[in-house]
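Just so you know, all these numbers are worked out from the coordinates, no wet-lab data involved. These numbers come from a predicted model, not from an experiment. Ideal geometry is used to build each Cβ from the backbone, glycine not excepted, and the neighbour counts take in all protein chains shown.
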Amino acid sequence: MSLKVSHRIQKLRQGLSEKEIDGIFISQPENRRYLSGFDGSAGFLLVTPQDAILATDFRYIAQAKSQAPDYELFPITNEIGDWFPRLVTKLDMKRLGFEAEHIAFARHRQLSDILTKGKSRLRLIPVDGLVESLRAIKEPEEIELITKASEITDAAMEYIGNKLRPGITEREAAWEIERFMREKGSEPLPFDIIIASGPNSALPHAQPSTRAIQEAEPIVIDIGARVGGYGSDLSRTICLGTPDDTFNKIYDTVLGAQAAAMAIIKPGMTGSEADQLARIVIEQAGYGEAFGHGLGHGVGLAPHEPPRLGPNSPEKLIDGMVFTIEPGIYLDGWGGVRIEDLVIMEKGKVREISKAKK
């Protein structure tokens with residue numbers, strides 16, 4: 001078994017022991033890839049203290065053999081009612097964990113019915129965040145891939161900053177960025193590009209429209225690239241021409257809030273405490289109600305993963321975590337400003353991974 005996969009499975013098995021379950025059924029795609037290396041779009045893992053099994057159908061058998069050589073392959077045929085009993089009955093288990101946040105109620109009911117009809121004594125035990133908590137601490141190889149993805153978004157931000165002109169539509173600008181990032185080596189993007197100009201920029205998750213970008217208005221650009229399965233996340237707010245006093249005031253407030261958080265965040269601090277560092281700056285400027293989302297989120301195989309930095313987040317920030325710091329102010333009818341950088345908690349403080357000009 002490769003050292004990387006072996007180390008991750010060993011940590012997972014320790015978690016199984018602590019939760020007193022005999023195995024775990026992995027269905028979440030990013031978790032499956034993290035634990036096995038297999039990135040096919042269909043398949044499940046079953047990990048016990050003794051076994052590591054990858055179940056997938058004939059379309060992915062060759063891929064699974066190549067990407068997950070450390071796993072025993074279990075071919076899936078027909079419906080889950082046919083293969084799931086055969087998968088679990090050959091193993092000596094009484095309590096099988098499943099990913100409660102990923103398995104839909106209908107699927108859970110289906111699996112329960114299968115076990116009941118087969119008169120199995122196996123119990124399905126909901127498990128939350130077991131693999132995600134492992135993924136939250138990035139290994140050096142993961143950090144390297146995230147850094148490469150971030151370098152692509154840095155370059156793309158510089159590229160579009162020089163390319164934008166009044167009259168170009170948000171959709172045209174978004175396509176320019178996507179084309180640039182793919183040509184620079186990005187895999188399929190981790191999330192849809194956001195280009196939001198003028199009043200549209202007051203919508204944190206606005207979709208690019210046919211609206212023509214104009215001078216002297218805020219333009220929020222939120223982009224991410226992907227390398228080796230790992231993503232980046234970067235936001236900048238720019239203005240073509242001369243910004244007005246409102247833009248300058250809001251921009252400086254958001255930038256100050258981000259700088260305050262970056263300077264003070266330290267290991268052991270909760271996501272809620274980190275969020276408050278930036279939020280108090282925005283509140284003191286009179287825009288507290290206009291900062292409606294959390295300060296940040298983890299980034300890795302998924303565009304949003306632990307840790308979460310928000311008003312009610314109890315998660316503790318520790319060395320090895322990669323996350324965004326992205327305060328924002330959004331005013332209906334005028335627009336918004338968001339500044340987002342990707343950072344890593346390292347040696348007791350945050351280090352910026354993204355380098356794009358602010």
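Sort largest first and round to whole Å: the equivalent ellipsoid semi-axes of the stretch 140-352, each the square root of five times a Cα gyration tensor eigenvalue.
They are 26, 23, 12 Å, listed largest first.
What number results when the radius of gyration of the stretch 190-233, computed over Cα atoms, is divided by 2.2 N^0.38 Å? Each step should come with its number before you reach the end.
Values: Rg = 12.2 Å, N = 44, 2.2 N^0.38 = 9.3 Å.
Normalised Rg, Cα atoms only: 1.31.
Test of understanding: ordering I223, I250 by Cβ neighbours within 10 Å, fewest first, what list do you get? Mind dumping the intermediate values first?
Values: I223 30, I250 25.
The order, fewest Cβ neighbours first, is I250, I223.
What does the charge add up to near Q63, with Lys and Arg as +1, Asp and Glu as -1, over the other residues with Cβ less than 13 Å from its Cβ?
Details: positive: R32, R33, R59, K65; negative: D39, D57.
Net of charged neighbours comes to +2.
Using a 10 Å cut-off around each Cβ, can you sort S186, S27 from fewest to most neighbouring Cβ atoms? Numbers along the way, then the final one.
Working: S186 23, S27 16.
With the sparsest Cβ surroundings first, the list reads S27, S186.
Across all directions of projection, what mean area in square nanometres is found for the Cα convex hull of the stretch 93-177? Kindly include the intermediate steps, with their values, before the conclusion.
Details: hull surface 39.3 nm².
Here the figure is 9.8 nm², rounded to one decimal.
Where the eigenvalues come from the Cα gyration tensor of the stretch 265-358, what are the semi-axes √(5λ) of the equivalent ellipsoid, largest first, in whole Å?
Values: eigenvalues 102, 45, 29 Å².
Result for the stretch 265-358: semi-axes of 23, 15, 12 Å.
If I model a spin label as a point 7 Å beyond the Cα along the Cα-Cβ vector, how far apart are those points for E139 and S17 in nm?
It is 1.9 nm.
So what's the Cα pair-distance distribution over the chain, bin width 20 Å, in %?
28, 49, 22, 1
Kindly state, to the nearest 0.05, the FRET efficiency for R211 paired with A155, given R0 = 22 Å and r defined as their beta-carbon distance.
Details: r = 26 Å, r/R0 = 1.17.
E between R211 and A155, to the nearest 0.05, is 0.30.
Label-point separation (nm) for K249 and D51, each offset 7 Å from Cα along Cα-to-Cβ?
Inter-label distance under the simple model: 6.6 nm.
Structure shown: which of K65/K90; K4/K94; K249/K355; K90/K117; K163/K184 lie over 20 Å apart, alpha-carbon to alpha-carbon? Please report the intermediate quantities before stating the final value.
On the way: K65/K90 22 Å; K4/K94 29 Å; K249/K355 23 Å; K90/K117 17 Å; K163/K184 17 Å.
Check vs 20 Å cut-off fails for K65/K90; K4/K94; K249/K355.
When the helices in the chain are scored as -39500 (n - 2.57) per DSSP H run of 4 or longer and the sum is shared across all residues, what 222 nm value do you end up with, to the nearest 500 deg cm²/dmol?
Computed mean residue ellipticity for the chain: -12000 deg cm²/dmol.
Can you compute the FRET efficiency between T242 and K163 using 1/(1 + (r/R0)^6), with r the Cβ-Cβ distance and R0 = 22 Å? Round to the nearest 0.05.
The formula returns an efficiency of 0.70 here.
GluC sites (Glu not before Pro) within the stretch 258-347: which are DSSP loop residues with at most 12 other Cβ atoms inside 10 Å?
Numbers: sites: E273, E283, E289, E315, E340, E346; in loops: E315.
Hits after loop and neighbour filter: nothing returned.
In debye, nearest 20: dipole of the chain around its Cα centre with unit charges on the Cβ of K, R (+) and D, E (-)? Walk me through the numbers before you get to the answer.
On the way: 43 positive and 51 negative charges, 233 e Å.
I would put it at about 1120 debye.
Between the alpha-carbon centers of the stretch 115-147 and the stretch 46-114, tell me the distance in whole angstrom.
13
Using amide H atoms built in the peptide plane, which far-off residues or other-chain residues are under 5 Å from F98 H to H?
Here the answer is F25, I125, V127, since their amide H atoms fall under 5 Å of that of F98.
Checking the cross-link filter: which aspartates and glutamates have an alpha carbon closer than 17 Å to that of K358, excluding same-chain neighbours under 8 positions apart?
E151, D154, E158, E217, D222, D233, D252, E326, E340, D341
In nm², what is the average projected area of the convex hull enclosing the Cα atoms of the stretch 1-125? Kindly include the intermediate steps, with their values, before the conclusion.
On the way: hull surface 28.5 nm².
Convex hull of Cα atoms, orientation-averaged projection: 7.1 nm².
How much length is gained on full extension from E352 to E289, taking 0.36 nm per residue of separation minus their Cα-Cα distance? Intermediate results must be reported in sequence, preceding the final value.
Numbers: separation 63, 0.36 × 63 = 22.68 nm, distance 2.74 nm.
Between E352 and E289, full extension yields an extra 19.9 nm.
Restricting to the chain, compute how many DSSP beta bridges are antiparallel as a %, nearest 5. Don't jump to the answer; show the numbers that get you there.
Details: 37 of 49 bridges.
In the chain, approximately 75 percent of DSSP beta bridges are antiparallel ones.
How big is the stretch 205-313 in terms of Cα radius of gyration and Dmax, in angstroms?
15.7, 46
What are the DSSP H helices in the chain that stretch 15 Å or more along their long axis, judged by alpha-carbon atoms, and whose average Kyte-Doolittle hydropathy comes to at least -0.5? Show your work: numbers first, answer last.
On the way: long enough: 3-19 (24 Å, -0.96); 105-117 (18 Å, -0.61); 140-163 (34 Å, -0.36); 170-183 (20 Å, -1.36); 245-264 (29 Å, 0.48); 271-284 (20 Å, -0.19).
Going by DSSP H runs, the hits are 140-163, 245-264, 271-284.
Taking θ = phi - 60°, what integer Hz values does the Karplus form 6.51 cos²θ - 1.76 cosθ + 1.60 yield along the stretch 339-347, in sequence order, with x for Gly and Pro?
10, 10, 10, 8, 10, 10, 7, 8, 6
Sort H205, H102, H297 by Cβ crowding within 10 Å, fewest neighbours at the top.
Details: H205 10, H102 15, H297 22.
In order of increasing Cβ crowding within 10 Å: H205, H102, H297.
So how much slack lies between N78 and D192, counting 0.36 nm per residue of separation and subtracting their Cα-Cα distance, in nm?
On the way: separation 114, 0.36 × 114 = 41.04 nm, distance 3.45 nm.
Result for the pair: 37.6 nm of gain on full extension.
Rounded to the nearest 5, what is the percent of antiparallel bridges among the DSSP beta bridges in the stretch 3-135?
Numbers: 7 of 19 bridges.
In the stretch 3-135, DSSP labels about 35 percent of beta bridges as antiparallel.
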